[in-house]
Amino acid sequence: MKKWKSALIITSVVVLISLLFFFLPPEDIFKHTPILKSFYQNTTLEVTVPNGKASVKVNGKEYGETPVNVQNLIAGEYEVELERISTESGYYKPQIFKIQLSKNSTSRINIEIGPDDNLYGSVLYYTEDNNIGSNKGKLTITTNAINSKIYLNSEFLKSAPITNLDINEGEYEIKIEAKNFESLTVPIVVRKGYTLNIKGYLLPIPVIFEEVQLDE
């Protein structure tokens with residue numbers, strides 16, 4: 001009787017584990033298992049607001065004021081909420097960014113937050129791509145400005161958006177320009193086996209109207 005009960009328990013456990021592996025990828029199970037979790041806590045998120053301060057929430061959890069460096073995160077998609085700190089309540093609206101964190105990588109949000117939803121800066125994050133050839137990475141660039149031009153180390157690359165462009169690994173400087181917008185320069189590091197995703201936010205140049213003196 002005891003052998004029959006033991007066999008039933010073992011069979012039930014095997015079926016349960018099989019179902020878990022069927023509906024959930026093994027990696028998703030392992031990275032949430034307490035014993036193995038530490039092996040997957042290997043991503044970092046850096047958040048800066050160069051000329052101000054902003055409160056930071058990541059997936060609803062508060063992380064204080066910028067600059068913020070959140071380490072030992074598990075790879076996956078995150079929602080980052082920034083709210084610029086000001087003496088005037090409601091002057092700046094909270095800004096939400098969706099960002100993908102890949103293992104063994106550092107993602108960066110470097111952004112200025114202005115009134116009326118105006119943003120200036122960049123969001124950078126890596127996604128894994130196992131189909132990239134030796135010593136190659138990929139580059140994906142989007143911007144908020146229409147007809148943006150992308151320059152790589154001061155040489156014109158192409159107009160945005162750019163999707164999965166093969167590029168040799170190494171350090172580069174990206175410059176984004178668009179008519180009637182402030183240009184944006186971003187230092188980057190391209191890594192083999194990864195796609196570097198860049199979201200550029202350009203600030204509109206204010207229109208200045210000249211005063212016309214009327215003869216009296």
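Where a number appears in this text, it was derived from the coordinates with a stated rule and is not lab data. Treat the numbers as computed from the prediction; the structure is a model and nothing was measured.
See the values below:
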{"quantity": "The range 118-206 - percent relative contact order, Cα under 8 Å, separation 6 or more", "calculated": "43 percent"}
{"quantity": "Chain lengthening between Gln71 and Thr48 when straightened (0.36 nm per residue, less Cα-Cα)", "calculated": "6.8 nm"}
{"quantity": "Flagged links, alpha-carbon separation over 18 Å, of Lys98/Lys199; Lys103/Lys158; Lys149/Lys179; Lys138/Lys179", "calculated": "Lys103/Lys158; Lys138/Lys179"}
{"quantity": "The range 50-164, relative contact order in percent, only Cα pairs under 8 angstrom and at least six apart counted", "calculated": "16 percent"}
{"quantity": "Taking all pairs of distinct alpha-carbon atoms in the range 118-206, Kirkwood radius in angstrom", "calculated": "13.1 Å"}
